[in-house]
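One structure is given below, encoded as structure tokens.
The values are calculated or read from the model by the stated rules, or taken from the named source; none is laboratory data. Predicted model only: the values in this text are computed from it and were never measured. Reconstructed Cβ throughout: ideal geometry from the backbone, glycine too, with neighbour counts over all protein chains shown.
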């Protein structure tokens, strides 16, 4: 074999093990992620999902009560009103709820939601051995469908990816090409330079959001039932927090492998944990209480509240203040330690 080819191959191999961060992302990061998810789902509580049974306290029929008691061994049962059940269904806290009609259990859920279908089949197998005549009422009202749950998650995911990858990768590329050093030598105010990158991120995130919402509105009938002003505030706070994270990631990085790893180590766990495609209520309670304060989870929950539950400015004000605060903290730290050469 040609010796020049072997030498070129060895150069690439040496480059790999001479970059400790590359070894970490390739070897140890997948192990750490599998360990985190394994620990999160290893306990018995992982199988205990929450369902709602409307007016369970009013049940007097012994066979029906026996079914409810059997459900309690595998599910966390909430005794709430139907209005409360619908509200929890819209927020993704439950996948289905059950009403009692003529002493029979009637299931209310979106048939297009695979997770809800699986929960229904699990319940039926547990109490009725999959009775073919089980009564199902498909949930098709706006805000209660799986697509209404999914679209806000995709909007927040687009904001995160656009800000972190666009701003973080862009600044590192400028540093690698020595353009940051040249810009720092000009009379340019450094704060203006950073601010221009922040503001420029609003263009692609706005376009992505409008396109996604327009498609979902005309094809699936998704609508914003809450305040547009509330959505704008949530949207801006999401841009700020993830632009701040992107700035912090890029503040000292001058290696493409390193920036790829850092971005992935932030975004991959957030996507898995934050309830983009399925509710993080499926996680055990101890980890769910932590997840709901992650930036992507807070952004997603706020957008869902505006879309599906008619939330106004005051309803999302807490999340908006927290997201803005986190974004400012990350931005200040990133600017302080930013390397211009």
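When 86, 94 are checked against the criterion of being surrounded by 15 or more Cβ atoms within 10 Å (Cβ to Cβ), out of contact with any helix residue (DSSP H, G or I) (no Cβ under 6 Å at 6 or more places or on another chain), within 23 Å of residue 115 (Cβ to Cβ) and at pLDDT 75 or above, 86 stands alone in meeting it.
Restricting attention to region 284-302, the residues that are within 13 Å of the chain's Cα centre (by Cα) and at pLDDT below 80 add up to 1. Applying a threshold of 7 Å to beta carbon distances and a minimum spacing of six or more residues, or different chains, the list of pairs starting in region 317-341 at a residue that is free of Cβ contacts under 8 Å to residues at least 24 places away in the same chain and ending at one that is buried (at least 17 other Cβ atoms within 10 Å of the Cβ) is empty. Given 276, 266, which one is modelled with pLDDT of 85 or more, part of a helix (DSSP H, G or I) and in the same structural domain as residue 321 (by TED's automatic domain parsing)? Going through 276, 266 in turn, just one is modelled with pLDDT of 85 or more, part of a helix (DSSP H, G or I) and in the same structural domain as residue 321 (by TED's automatic domain parsing): 266.
If I filter region 177-191 for residues that are assigned to a helix (DSSP H, G or I) and in contact with a helix residue (DSSP H, G or I) (Cβ under 6 Å, 6 or more places away or on another chain), do I get at least one hit? Yes: one or more hits.
If the condition is being farther than 19 Å from residue 296 by Cα and modelled with pLDDT of 85 or more, then region 243-258 contributes 250, 251, 252.
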